[in-house]
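What follows is a single structure, written as structure tokens, with notes after it.
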């Protein structure tokens, strides 16, 4: 099971929107022309858009220039020429060139994203941590966090990483007990986060959540919900005592790392240490 993702507005969405709008406006402009001219210009527009999607940058402009040349030939062939049609020809040509450039930018962005995902799948396969419902391990979270950092810097939206350390209250607890407790906290975290958040674990007692489009105040609300839920949630401790409340068995120490000008994925995923973690529920920025 992979991390829950939610579609968010990105630069690709803007490019696609502008590309569609420019195409629709072009269709409106040429829609009132004679049938043969309108069909010819429509075909040139569609072919130019499809061709521009397959090339990058400068070559998309060349496709746009070629489309403008084809439109001018059609205008001249159909007798829609002369000073009285100057603005019609100018607007149509400009829209075709703009649409081709936007389609080229969109195609380049989609291909770059596809290559990045292929490389990520090869180098850092996304896989859940054993014992959780879908919490990613540190390597998988690192790759997704880099994507979120890039998106946050482009869109100028906040990005915060919530980190939780699980400290069993019984210092003499064996490995099996610690594992059951950490798994209970992991599932508790997964049940409290939003669909757009990305829960992960860098170690059995080091959990975290990548919080896109979230500043520190909202992130602390999520941390508070997790800590409050721990006071009510129970788990099977594997002993004759049956089920125990999570908060009675472990202390949860929370801290936040917010994306800033000098932060990167490594600093955002830095491990909580006894020196940086406060008392249970303590807030450290």
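The values are calculated or read from the model by the stated rules, or taken from the named source; none is laboratory data. In this text, all values refer to a predicted model and were calculated from it rather than measured experimentally. With ideal geometry, Cβ positions are generated from the backbone for all residues, glycine too; neighbour counts draw on all protein chains shown.
General remarks:
- Among residues of the range 155-170, those that are part of a loop (DSSP other than H, G, I, E, B) and either in contact (Cβ under 8 Å) with a residue 24 or more places away in the chain or surrounded by 16 or more Cβ atoms within 10 Å (Cβ to Cβ) (or both), counted: 4
Okay, residues lined up against (1) in contact with a helix residue (DSSP H, G or I) (Cβ under 7 Å, 6 or more places away or on another chain); (2) modelled with pLDDT under 75; (3) assigned by TED's automatic domain parsing to the domain that holds residue 212; (4) within 30 Å of residue 243 (Cα to Cα):
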| position | (1), (2), (3), (4) |
| --- | --- |
| 97 | yes, no, no, no |
| 124 | yes, yes, no, no |
| 169 | yes, no, yes, yes |
| 180 | no, no, yes, yes |
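- Positions within the range 180-194 being in contact (Cβ under 8 Å) with a residue 40 or more places away in the chain, under 28 Å from the mean Cα position of the chain (by Cα) and assigned to a helix (DSSP H, G or I), in sequence order: 182, 183, 184, 185, 186, 187, 188, 189, 190
- Looking across 229, 247, 223, one residue alone is without any contact (Cβ under 8 Å) to a residue 40 or more places away in the chain, assigned to a helix (DSSP H, G or I) and surrounded by 14 or more Cβ atoms within 10 Å (Cβ to Cβ). It is 247.
- Reported count of residues in the range 14-49, each being over 31 Å from the mean Cα position of the chain (by Cα), touching a residue at least 24 places away in the same chain (Cβ under 8 Å) and either surrounded by 14 or more Cβ atoms within 10 Å (Cβ to Cβ) or within 10 Å of residue 102 (Cα to Cα) (or both), is 9.
- A single entry from 202, 160, 155, 177 fulfils the requirement of being under 29 Å from residue 249 (Cβ atoms) and under 14 Å from the mean Cα position of the chain (by Cα): 160.
- Tally of residues being more than 17 Å from residue 269 (Cα to Cα) and either crowded, with 19+ Cβ neighbours inside 10 Å or in contact with a strand residue (DSSP E or B) (Cβ under 7 Å, 6 or more places away or on another chain) (or both) across the range 190-207: 4
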